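K.L.:
Supplied in structure tokens, the structure appears directly below.
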Amino acid sequence: MSDLGSQRLKGRVALVSGGLRGIGLACVERFLAEGAEVVLTDLEAEDGTLVGETLGRLGQAASYVRANVTSEEDWEAVLDAVTRRHGKLHILVNNAGIDLTGPIAETSLEGWRRIMSINVDGVFLGVRTFVPLMAASGAEVAGGASIINVSSIMGLVGLSEVSGYNASKGAVRLFTKSIALEFAEKKMPIRANSLHPGFVVTPLLKEGFQRWVDKGVAEKPQDLVDLMSSRTPIGRLADPSELASAAFFLASSDSSYMTGAELVIDGGWTAQ
Amino acid sequence: MKRLEGKVALVTGGTSGIGAGAVHRLRAEGAKVVFTGSNRSAADEVCAATGAEFVSHNVRDGAAWDALSERIERDHGRLDFAFANAGTEHGDGSVEDITLDGWENVIGVNQTGAMLTVQHAMRLMSRNPGGAAGSILVNSSMNAHRAMGNFVAYSVSKAAVVALVKSAAVHAGNRKYRIRVNAILPGVVETALIRNLIDTSGDPTATRAAYEGLSPLGRMARVEEIAGLVAWFASDESQFVSGSEYVIDGASTAGMMGV
Ligand SMILES: NC(=O)c1ccc[n+]([C@@H]2O[C@H](COP(=O)([O-])OP(=O)(O)OC[C@H]3O[C@@H](n4cnc5c(N)ncnc54)[C@H](O)[C@@H]3O)[C@@H](O)[C@H]2O)c1
């Protein structure tokens, strides 16, 4: 039995970057189920069919702003939209991210800069843009405002041929600790924590597995799912909702003493 | 339907502090709760307030564990959550000064007691009707990562139980159990024990300030703030979390404080 629909986020406003699919979408759905109003951002045009369908399904409490997390101007536009529609923000999930794999000798500077700009600059810009609004809004709710930065187990342990992704996710981990300390020391009512998912069945993972298949690492994606499942102590990959349940805990007042922490949700992968 | 309805939970050292807070919260969310300890009158109060069931029991006593396990299996037929919470610093000291008895007392309760809790909980959960499933949580401490010079046994035992949960989590995976095992690492929590330490320190104001200053938040945790995380681990919300250590310390160990 989950806490689904407890309405513990009633009256709160949340923003989720990269919210159209995968872990981001799961967070959006969970926050809505708990009574929050949610703004999601992603790369699709605002009049695109996926956006229309998604908002139609999510209902009135959800809204969408097209924004590339790497762009300062886009973040300003998101701040504008959130301020006009809600005038406050209690929960920020910096989720948008991409992956990059390959031997270091074949990694282009362009590819490196692209992953750093999305996975690292994107988190930095999201936090910087919303700190003033969240500091004001955080004072209204028990436990304060909550920033949830999506890192990865690849921000904790290295994997061969994942250097760019490893570097970007490691950066998110320590960036989060530093801002947690800064907000705490300045008595700003904002907590900041990082999420470290293991292997989660999302479009990102499926596309990544497909690329490995194209490279001849395996015959079909399902073989890779089976392989990764067998190497995970819990014996399976995660469903995005299992990441959303941790994001929900961090978003709620229940986590009021938790800041600067890292929540690993990996089925035991990094315990081995 | 409450989040923990239908679940049976065990809390060791549940008569005071974080353990009592956990009993309250788990009951409030609908779980049946069995808790252990030795302070009968404190236990009676918790029972009266929550409807939980008390068993007088010492976590380091192997034979007592067999009896407790039998009782849980007979009365409840299952175990879904175990919180290895009982802990002590009685007899502790610096590595230079601690007595062998003091060392063995702290290691016996904090480390051997936690191992016995995980062991018996895992055995019970492996026999659950519907298949081997459940959640086991060990109460470590932020001192697992930041050792105290004046409490060597406590620091060592709290680090050891982090390795304990990882080993147990991997073992559960090897056996294909749906049993997850994790640790929480709280910062300073304002329990009656800490309040007593403050009051009897000779300089309560300075001692309180020292405890509060350990966290950049400038305060200690309230028991309820730890109980919220305990309940999350007891619920199905944490299904994919195993072998993890969750720090809940108001950023005490996130890094160094600014200058
Ligand atoms: N899936 C996993 O196994 C896994 C594991 C660990 C960490 N993560 C992390 O979780 C986060 C979400 O991953 P996911 O698996 O849900 O991925 P996903 O690809 O399914 O979803 C990511 C979303 O982010 C959006 N996005 C990408 N670049 C963007 C940009 N520049 N601006 C705005 N939006 C952008 C995408 O359009 C997509 O909707 C990522 O940060 C990822 O690194 C995922």
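K.L.:
Given the criteria assigned to a loop (DSSP other than H, G, I, E, B) and either farther than 25 Å from B:G13 by Cβ or open to solvent by less than 50 Å² (accessible area, probe 1.4 Å) (or both), does B:L217 qualify?
P.N.:
So B:L217 fits the description; yes.
K.L.:
A further question follows. Let me confirm something: among A:D254, A:D226, which residue is among the acidic types (D, E) and either in the same structural domain as A:M116 (by the TED database) or in contact with a Leu (Cβ under 8 Å, 6 or more places away or on another chain) (or both)?
P.N.:
A:D254
K.L.:
When you go through A:A33, A:A96, A:A26 one by one, which is the residue that is within 30 Å of B:S235 (Cα to Cα), within 14 Å of chain B (Cβ to nearest Cβ) and within 12 Å of the ligand (Cβ to nearest atom)?
P.N.:
Residue meeting the stated conditions: A:A26.
K.L.:
Which of the residues spanning segment B:159-186 are polar (S, T, N, Q) and touching a residue at least 24 places away in the same chain (Cβ under 8 Å)?
P.N.:
First pass over segment B:159-186, keeping only residues polar (S, T, N, Q): B:167, B:174, B:182.
If the condition is that a residue be polar (S, T, N, Q) and touching a residue at least 24 places away in the same chain (Cβ under 8 Å), then B:N182 is the only one that fits.
K.L.:
Now for a different question. Would you check if A:K186 is more than 19 Å from A:L243 (Cβ to Cβ), within 14 Å of chain B (Cβ to nearest Cβ) and not aliphatic (A, V, I, L, M)? Show your work before the answer.
P.N.:
On the way: more than 19 Å from A:L243 (Cβ to Cβ): yes; within 14 Å of chain B (Cβ to nearest Cβ): yes; not aliphatic (A, V, I, L, M): yes.
Criteria met by A:K186.
K.L.:
Would you check if B:L164 is of a type outside the set (S, T, N, Q) and either part of a loop (DSSP other than H, G, I, E, B) or closer than 21 Å to A:T232 by Cα (or both)?
P.N.:
Against the criterion (of a type outside the set (S, T, N, Q) and either part of a loop (DSSP other than H, G, I, E, B) or closer than 21 Å to A:T232 by Cα (or both)), B:L164 qualifies.
K.L.:
Of the residues A:E219, A:E182, only one is under 26 Å from A:E140 (Cβ atoms), surrounded by fewer than 24 Cβ atoms within 10 Å (Cβ to Cβ) and away from the ligand (no atom under 16 Å from the Cβ); which?
P.N.:
The conditions single out A:E182.
K.L.:
Could you please find all residues in segment B:241-259 being free of Cβ contacts under 8 Å to residues at least 40 places away in the same chain and within 7 Å of another protein chain (Cβ to nearest Cβ)?
P.N.:
Filtering segment B:241-259 for residues free of Cβ contacts under 8 Å to residues at least 40 places away in the same chain gives B:251, B:254-256, B:258-259.
Correct list: B:A251, B:A254, B:G255, B:G258.
K.L.:
Scan segment B:122-143 for residues that are within 15 Å of B:A168 (Cβ to Cβ) and assigned to a loop (DSSP other than H, G, I, E, B) and jot them down.
P.N.:
So the first thing to find is which residues in segment B:122-143 are within 15 Å of B:A168 (Cβ to Cβ), and the list is B:122-126, B:132-140.
Correct list: B:A132, B:S140.
K.L.:
Could you list all residues from segment A:234-260 that are more than 18 Å from the chain's Cα centre (by Cα), farther than 16 Å from A:A145 by Cα and surrounded by 24 or more Cβ atoms within 10 Å (Cβ to Cβ)?
P.N.:
Answer for segment A:234-260, where residues must be more than 18 Å from the chain's Cα centre (by Cα), farther than 16 Å from A:A145 by Cα and surrounded by 24 or more Cβ atoms within 10 Å (Cβ to Cβ): just A:I234.
K.L.:
Given A:V28, A:V51, which one is of a type in the set (A, V, I, L, M), open to solvent by less than 10 Å² (accessible area, probe 1.4 Å) and within 23 Å of A:A142 (Cβ to Cβ)?
P.N.:
A:V28
K.L.:
Please give the number of the condition A:S160 fails out of (1) away from the ligand (no atom under 12 Å from the Cβ); (2) away from chain B (no Cβ under 14 Å); (3) in a helix (DSSP H, G or I); (4) among the small types (G, A, S).
P.N.:
(3)
K.L.:
Mind checking which residues of segment A:227-262 are within 7 Å of chain B (Cβ to nearest Cβ) and within 20 Å of B:R178 (Cβ to Cβ)?
P.N.:
A:P233, A:I234, A:G235, A:A238, A:E242, A:S245
K.L.:
Being more than 29 Å from A:H90 (Cβ to Cβ) and either surrounded by 15 or more Cβ atoms within 10 Å (Cβ to Cβ) or outside the structural domain of A:L43 (by the TED database) (or both) is the filter here, so list the residues in segment A:112-132 that pass it.
P.N.:
Start the filter on segment A:112-132 by keeping residues that are more than 29 Å from A:H90 (Cβ to Cβ), which leaves A:112-115.
Those that are more than 29 Å from A:H90 (Cβ to Cβ) and either surrounded by 15 or more Cβ atoms within 10 Å (Cβ to Cβ) or outside the structural domain of A:L43 (by the TED database) (or both): A:W112, A:R114, A:I115.
K.L.:
Can I ask one more? Listed residues A:S160, A:S168; which is under 14 Å from the mean Cα position of the chain (by Cα) and either of a type outside the set (K, R) or within 22 Å of A:Q272 (Cα to Cα) (or both)?
P.N.:
After ruling out the rest, the residue left standing is A:S168.
K.L.:
Go over the candidates A:A45, A:A14, A:A61 one by one and state the one that is surrounded by fewer than 24 Cβ atoms within 10 Å (Cβ to Cβ), within 16 Å of the ligand (Cβ to nearest atom) and on the phi < 0 side of the Ramachandran plot.
P.N.:
A:A45
K.L.:
Out of the residues in segment A:190-210 meeting the condition of being among the aliphatic types (A, V, I, L, M) and more than 7 Å from the ligand (Cβ to nearest atom), tell me which one is farthest from A:G235 (Cα to Cα).
P.N.:
A:I190
K.L.:
Look through B:K166, B:K176 and report the one residue that is of a type in the set (K, R), within 7 Å of chain A (Cβ to nearest Cβ), within 23 Å of B:F81 (Cα to Cα) and over 19 Å from the mean Cα position of the chain (by Cα).
P.N.:
Answer to the selection: B:K176.
K.L.:
In addition: Output the number of the condition that B:T117 fails; it satisfies all remaining conditions of (1) more than 15 Å from the chain's Cα centre (by Cα); (2) farther than 13 Å from B:L185 by Cβ.
P.N.:
It is condition (1) that B:T117 fails.
K.L.:
Go through segment A:150-179 residue by residue and tally those that are of a type in the set (S, T, Y), touching a residue at least 40 places away in the same chain (Cβ under 8 Å) and surrounded by fewer than 21 Cβ atoms within 10 Å (Cβ to Cβ).
P.N.:
First, the residues of segment A:150-179 that are of a type in the set (S, T, Y): A:151-152, A:160, A:163, A:165, A:168, A:176, A:178.
The next check asks that each one be touching a residue at least 40 places away in the same chain (Cβ under 8 Å); those that pass are A:151-152, A:163, A:165, A:168, A:176.
When the remaining residues are screened for being surrounded by fewer than 21 Cβ atoms within 10 Å (Cβ to Cβ), the result is A:163.
Of the residues in that region, 1 qualify.
K.L.:
Another one. Across segment A:132-162, what is the number of residues that are touching a Pro at 6+ places or on another chain (Cβ under 9 Å) and either hydroxyl-bearing (S, T, Y) or over 24 Å from B:P216 (Cα atoms) (or both)?
P.N.:
6
The values are calculated or read from the model by the stated rules, or taken from the named source; none is laboratory data. The shown structure was predicted, so the numbers you read here are calculated from the model rather than taken from an experiment. Reconstructed Cβ throughout: ideal geometry from the backbone, glycine too, with neighbour counts over all protein chains shown. Heavy atoms of the whole protein, side chains included, go into the accessibility calculation; ligands, DNA and RNA do not. Shrake-Rupley method; radii C 1.70, N 1.55, O 1.52, S 1.80 Å.
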